[in-house]
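The values are calculated or read from the model by the stated rules, or taken from the named source; none is laboratory data. A quick note: this is a predicted structure, and the numbers were derived from the prediction, not measured. Here the Cβ is made from the backbone with ideal geometry for all residues, glycine too, and neighbour counts use every protein chain on show.
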Amino acid sequence: MRSSAPGPGPSDEATASDSPAAGQLVPVYDLGETPAGTRLFREFRREPGVAGGMDDALAALSAIPDDPDYRTLWPRDAFQGGFVDYEGGGRFSCELTDVDPNAVAIGDRLEMTFRRLFTAQGVHNYFWKARPGR
């Protein structure tokens, strides 16, 4: 016979691990030297405030590794990107090139240039990037 009395269930109270301040466990990849050469290592790190946005992802990728024997694949300031607003309307999200990250500011005039984005399996892939106007 089944009981109709409610049994113990999940608590409605929030715990410290449920709060946004506790962060989220995310995988982080770093490079390390081994007798066989450079290898990729994965560790899990609790990142406070990780909400899944581009800024959070870039912050996690460029963080200094906890282990001093490792180095990051994406050093801080390796990726420079932003939005380009066009006169007459339109907005484009892209990488910036030929730019000092400390010298670029909102409202600067930019121009578009066709640049290599990455190379995969020997194939060069090009796309538009923005650079300071000349």
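Please count how many residues of the range 82-103 are assigned to a loop (DSSP other than H, G, I, E, B), among the small types (G, A, S) and farther than 15 Å from R131 by Cβ.
Total satisfying the criteria: 3.
If a residue must be more than 12 Å from the chain's Cα centre (by Cα) and either surrounded by 14 or more Cβ atoms within 10 Å (Cβ to Cβ) or modelled with pLDDT of 80 or more (or both), how many such residues does the range 48-71 contain? Don't jump to the end; show me each part of the working.
The initial filter retains those residues of the range 48-71 that are more than 12 Å from the chain's Cα centre (by Cα), namely 48-49, 64-71.
If we keep only those that are either surrounded by 14 or more Cβ atoms within 10 Å (Cβ to Cβ) or modelled with pLDDT of 80 or more (or both) too, we end up with 65, 70-71.
Number of matching residues: 3.
What's the total number of residues in the range 104-134 that are over 14 Å from Q80 (Cα atoms) and assigned to a loop (DSSP other than H, G, I, E, B)?
The qualifying residues number 7.
Can you name the residue in the range 107-117 that is more than 12 Å from R131 (Cα to Cα) and modelled with pLDDT of 85 or more and, of all such residues, is farthest from the chain's Cα centre (by Cα)?
Filtering first and then ranking leaves G107.
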